[in-house]
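Beneath this line is the structure, given in structure tokens, with notes to follow.
Just so you know, all these numbers are worked out from the coordinates, no wet-lab data involved. Model, not experiment: these values are computed from the prediction. So basically every Cβ, Gly included, is an ideal-geometry build from the backbone, and we count neighbours across all protein chains shown.
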Amino acid sequence: MEPFVLKEADGQPALFMLEPWVSRYNDLSAGFTGRNGGVGKAPYHTLNCAFHVGDRPEDVIGNRELVAAQLGFSLDAWTCGEQVHHADIAVIDGDKLGAGSLNRESAIQDTDGLLTNVPGVLLTSFYADCVPLFFYDPKQQAVGLAHAGWKGTVAQIAAGMVERMKDTFGSKSEDIITAIGPSISSCCYEVDEKVMSHVHDLEKHFLGNEQYSTSDWYIAKEGGKSMLNLKEMNRQIMIKAGILPTHIECTSWCTSCRNDLFFSYRKDGGTTGRMASWIGLREVSLP
């Protein structure tokens, strides 16, 4: 069953809720925005949530306000990194609350992974084909997001997130649940030999163990091209890091195939908006 379920209403932003999690954990909000239901103009129409693409800042802020309000968080809680396609991870405490919410300059620099155990913080990151990775430890009440393009994937940011959760919050791999969100799929993601050389380097660490099937990572084509499956790569990296296979939700949405619902860097020719992934623990009001 598809874990990311579209919730859409007139005048509201299109939100893909991580339904198995939010229906089970009342204090958790997690999901992924679509491209519709915002205030932006072409070529960023309409729910672009990122500053760095060249959209009008006031429209980006307007869209973030719409999403935050729909989720029951204030924009002051919106906290994000300046993504650079690496594997650096930042732990967010109360002092970093709201970093990057109103402008690009105040975002946490050089950061593609975010973790927190502070209620009221809404972690966010941005996508137009790359893979959003979600992490939640319900025992330690810690949450995380990782942005995984091909560079972040081969750098094993997913494994880095698991290790950082263990080191920082005392999490155990078997307690962490994860999810792989809407992103470009192998049907649409053709890469060249340069990218595949990095994939093959990572592949060597998985060979010889029947638990992993790197043949599912890509389909080789003529001329040195391959169709790359980043979702499956990240799933297997998570399993190698100790995540139970039954604790991994994986989407079937392809951002390129469903360009009507999602921004796609490849399908839109490079000039387009960005979706936001989010995860946060709600503050519990005392009676």
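Share of antiparallel DSSP beta bridges in region 14-158, in percent to the nearest 5?
Just about 65 percent of them are antiparallel.
If you build the convex hull over the alpha carbons only and average its shadow over all orientations, what do you get for region 93-170? Give it in nm² to one decimal.
One quarter of the hull surface, i.e. the mean projection, equals 5.5 nm².
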Length gained when the stretch ARG104-GLU2 is fully extended (0.36 nm per residue, less Cα-Cα span): 33.5 nm
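Using unit Cβ charges (K, R positive; D, E negative) and no other charged atoms, how large, in debye to the nearest 20, is the dipole of region 155-287 about its Cα centre?
In total the dipole reaches around 240 debye.
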Fewest-first sequence of VAL118, VAL60, VAL84 by Cβ atoms within 10 Å of each Cβ: VAL84, VAL118, VAL60
Neighbour cut-off at most 15 other Cβ (10 Å), DSSP loop, trypsin sites (Lys or Arg not before Pro), region 28-135: LYS41, ARG104
Cα Rg, Dmax (largest Cα-Cα span) when computed across region 186-287, Å: 17.4, 65
DSSP-assigned coil residues among GluC sites (Glu not before Pro) in region 176-255, each with at most 14 further Cβ atoms within 10 Å: GLU210
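Could you sort out which of LYS96/LYS139; LYS204/LYS231; LYS96/LYS194; LYS151/LYS240 sit more than 29 Å apart by Cα distance in this structure?
Correct reply: LYS96/LYS194.
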Net dipole in debye of region 39-119 [+1 Lys, Arg Cβ; -1 Asp, Glu Cβ; about Cα centre; nearest 20]: 280 debye
Neighbour cut-off at most 15 other Cβ (10 Å), DSSP loop, GluC sites (Glu not before Pro), region 1-104: GLU8
Least to most buried among ILE89, ILE237 (fewest other Cβ within 10 Å first): ILE89, ILE237
Dmax and Rg, reported as Rg then Dmax, of the chain (C-alpha, Å): 17.9, 65
Separation in nanometres of the label points that stand 7 Å from Cα toward Cβ, at LYS221 and SER252: 2.4 nm
MRE, 222 nm, helices only [DSSP H, n ≥ 4, -39500 (n - 2.57), over the chain, to nearest 500]: -6000 deg cm²/dmol
Which of ARG274, ARG282 has the fewest Cβ neighbours within 10 Å, and the rest in rising order: ARG282, ARG274
Space enclosed by the convex hull of the alpha-carbon atoms of region 137-249, per residue, Å³: 101 Å³
10 Å binning of all Cα-Cα separations within region 1-157, expressed as whole percents from 0 upward: 11, 41, 40, 9, 0
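Once you keep just the Cα pairs under 8 angstrom separated by 6 or more residues, what percentage relative contact order results for region 1-153?
15 percent
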